[in-house]
Amino acid sequence: MLTGPTGSGKSSMVEVFAARTGWPLFRVACHGRMEFQELVGAWRMASVPGGGQEWKWADGPLLAAMKVGGILLLDEGNFLHPAVVGGLNTILDGAPLLVPETGEMVQPHPDFRVAFTANAVAHDMDAANYRGIQRQSIALLDRFLVGTVDYLSPMEESKILHAKCKHLAGPFIQLLVEVAGDVREAFKQGEMTTTISTRGLIRWGKMLLANGRSLADASARGATEEVLACLNGALHAAVTARSPEAEREAIEKIVSARYAPVK
């Protein structure tokens, strides 16, 4: 079970791990209305040789992972109702799964694993930032090893921005990373509901590049207000359009304060 703030790379960490080890991965985007049966499988209409159709059983991601020895990734798993996730308890103990629809008894492959990403697992004050999450049972949580994933370091994110936004000037990359750090800290302290993930940071950089000529020209002329307009306009499109007005204004003040020593 990997916990940590939104956009910190919990799911990506599992994906990269699976890719580097060659371990089959079955990723499930969890939601509040999902039922356990969706993980197991269902009868589906399928075409047959020679024409026509017939009902055939199709394994869901849980069965598929159990059979081949893959990783079942329950992405944002605590959106699931505890009764749904409770169906995994015996499987997590290594027990087989009986599929009533087919009568098949599926023994878990020795390499079968379950990865579960979640925000605010303790359901403390931080839970207010994550609407729709469910408090999971102690019985479920007791079956997982738990690790915490935080945002990347400024140096790591700078390298990523350099790779993804090759033509963005170094001082602006540093500015974006510093602003993201300030916003995240405010988010962690409960001072705002907006945060900037690494993917949001990349979007911000790419939006700046789309208007790169105006940004470079304004920066060369020392036109501070024009530069800030470019920075905040790109940030609005990439991240803050969904933020409350008071938070957008607070983040723009952070941008202005951080730009001062850069200009």
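The values are calculated or read from the model by the stated rules, or taken from the named source; none is laboratory data. Being a predicted model, the structure only gives us computed values, none of them experimental. As a convention, Cβ positions derive from the backbone with ideal geometry for all residues, glycine included, and neighbour counts pool all protein chains shown. Accessible surface is based on the protein model in full, side chains and every heavy atom, while ligands, DNA and RNA are left aside. Shrake-Rupley method; radii C 1.70, N 1.55, O 1.52, S 1.80 Å.
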note = Here the residues within segment 181-195 that are under 26 Å from residue 17 (Cα atoms) and modelled with pLDDT of 95 or more are 181
message = Quick check on segment 145-162: of everything there that is more than 15 Å from residue 12 (Cβ to Cβ) and without any contact (Cβ under 8 Å) to a residue 24 or more places away in the chain, which residue is nearest to the chain's Cα centre (by Cα)?
response = 153
ask   = In this structure, is residue 17 surrounded by 13 or more Cβ atoms within 10 Å (Cβ to Cβ) and modelled with pLDDT of 95 or more?
value = yes
request  = Looking only at segment 185-198, decide whether some residue is in contact with a Cys (Cβ under 6 Å, 6 or more places away or on another chain), among the hydrophobic types (A, V, I, L, M, F, W, C) and crowded, with 16+ Cβ neighbours inside 10 Å.
outcome  = no
task = Check off (1) under 22 Å from residue 165 (Cα atoms); (2) touching a Ser or Thr at 6+ places or on another chain (Cβ under 8 Å); (3) open to solvent by 60 Å² or more (accessible area, probe 1.4 Å) for residue 229 and give me the number that stays unchecked.
result = (2)
request  = With the condition kept exactly as written, say whether any residue in segment 20-31 is among the hydroxyl-bearing types (Ser, Thr, Tyr) and open to solvent by less than 70 Å² (accessible area, probe 1.4 Å).
outcome  = no
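If I filter segment 199-226 down to residues being of a type outside the set (D, E, K, R) and within 24 Å of residue 10 (Cα to Cα), which single residue comes out as surrounded by the most Cβ atoms within 10 Å (Cβ to Cβ)?
201
Go through 124, 142 for me and flag whichever is open to solvent by 50 Å² or more (accessible area, probe 1.4 Å) and either under 19 Å from the mean Cα position of the chain (by Cα) or at pLDDT 85 or above (or both).
142
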key: All positions within segment 232-263 that are over 20 Å from residue 169 (Cβ atoms), among the small types (Gly, Ala, Ser) and surrounded by 12 or more Cβ atoms within 10 Å (Cβ to Cβ)   = 243, 250
note = Of the residues in segment 82-112, those that are within 24 Å of residue 23 (Cβ to Cβ) and surrounded by fewer than 11 Cβ atoms within 10 Å (Cβ to Cβ) number 3
task = Output yes when any residue across segment 136-144 is charged (D, E, K, R) and closer than 18 Å to residue 235 by Cα, and no when none is.
result = no
